Amino acid sequence: MRESVEEDRYEPRFRVVAGGQDSGIECQLSVPLNAAGDFRVPCQLLDLNSSGCAIRYRHPRPLGTSSTSTVLEMKNLANSDSVQMLVRVCWVRQAGIDQYESGLYFRRSLPETLIPQGIRAGQLSRRVAKRESVDVAVTVRQSQPRIHATGRVVSISHTGVQIVSPSGLTIGEKLMLQLDNGKAAVGVTVWSSRQETQLDGAAFASGIAFIQAGMGRQFHDDVLGLA
């Protein structure tokens, strides 16, 4: 295992302190229904960074897809009246009966003053999922566009993983990560960026969120067992 570093993400993610209601942040998702208007669903903001967020909501089925123009409205974030962000759904997972969690990618960056102000107001703090720095071989399989490449897992938590690989990954697309011992997990790419790296043939870093929490925990333990 490599020595742990303080920051191993290009986009640090901040969790909402004590959940949506206690933090005072009001949040709703608006999905186009028909020509008459939008369908609006109250939701809880779970975490946030300048390029996206995670939410939880109750509904009989998951809302929005990567191809729909979905709007997220946040009120009282850093004492602002209202912030509306056009978003794309990156991933969805079921959190309970008629309850879903979704990862949203902002089509433009969040105003840069909001997160520092939210931290000072006590609404946001660094996320609590412990992230381990590792160096473990992984095979990446993505269908659209088709990618079958080898890379390295460089950090991992119970909720997601960061890898470096020769190819950039498509944000919002499902993929499979497979270790040399055959253990695998399915996730969705949250971010992908070209980087300078000392690993041979690896030119991109990517962040991947696990679709199933149980699978993520097992894959996390499998990676640490190989590190």
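Points to keep in mind about this one:
- Breaking point among (1) without any contact (Cβ under 8 Å) to a residue 60 or more places away in the chain; (2) touching a helix residue (DSSP H, G or I) at 6+ places or on another chain (Cβ under 8 Å); (3) farther than 23 Å from Cys53 by Cα; (4) open to solvent by less than 50 Å² (accessible area, probe 1.4 Å), for Asp180: (4)
- Criterion violated by Leu86 - all others in (1) under 20 Å from His220 (Cα atoms); (2) open to solvent by 30 Å² or more (accessible area, probe 1.4 Å); (3) in a strand (DSSP E or B); (4) not hydroxyl-bearing (Ser, Thr, Tyr) satisfied: (1)
- Residue selected from segment 60-74 under the condition surrounded by 15 or more Cβ atoms within 10 Å (Cβ to Cβ) and under 26 Å from Gly118 (Cβ atoms), by the criterion modelled with the lowest pLDDT: Gly64
- Residues being closer than 30 Å to Asn76 by Cβ and part of a loop (DSSP other than H, G, I, E, B) - total across segment 112-154: 10
- Residue match in segment 159-175 (condition: farther than 26 Å from Ser50 by Cα, part of a strand (DSSP E or B) and at pLDDT 85 or above): no
- Checked against (1) farther than 16 Å from Phe219 by Cβ; (2) open to solvent by 30 Å² or more (accessible area, probe 1.4 Å), Arg152 meets all criteria but (1).
- Residue in segment 39-50 that is modelled with pLDDT of 90 or more, in a loop (DSSP other than H, G, I, E, B) and not aromatic (Phe, Trp, Tyr) present: yes
- Arg120 meets all of the listed conditions (1) at pLDDT 90 or above; (2) open to solvent by 60 Å² or more (accessible area, probe 1.4 Å); (3) over 20 Å from the mean Cα position of the chain (by Cα) but one, namely (1).
- Every residue from segment 155-171 that is under 27 Å from Arg15 (Cβ atoms) and either aromatic (Phe, Trp, Tyr) or open to solvent by 20 Å² or more (accessible area, probe 1.4 Å) (or both): His158, Thr159, Thr170, Ile171
- Any hit, segment 131-138, residues being open to solvent by less than 20 Å² (accessible area, probe 1.4 Å), over 15 Å from the mean Cα position of the chain (by Cα) and within 16 Å of Ser51 (Cβ to Cβ): no
- Test: Tyr105 is open to solvent by 60 Å² or more (accessible area, probe 1.4 Å) and either in contact with a Pro (Cβ under 6 Å, 6 or more places away or on another chain) or closer than 18 Å to Lys174 by Cα (or both): yes
The values are calculated or read from the model by the stated rules, or taken from the named source; none is laboratory data. What you see is a predicted model, and the numbers here were worked out from it, not measured in a lab. Positions of Cβ are backbone-derived with ideal geometry, glycine not excepted, and every protein chain shown enters the neighbour counts. For the accessible areas, the whole protein counts, side chains as well, though only heavy atoms, and no ligand, DNA or RNA atoms are used. Shrake-Rupley method; radii C 1.70, N 1.55, O 1.52, S 1.80 Å.
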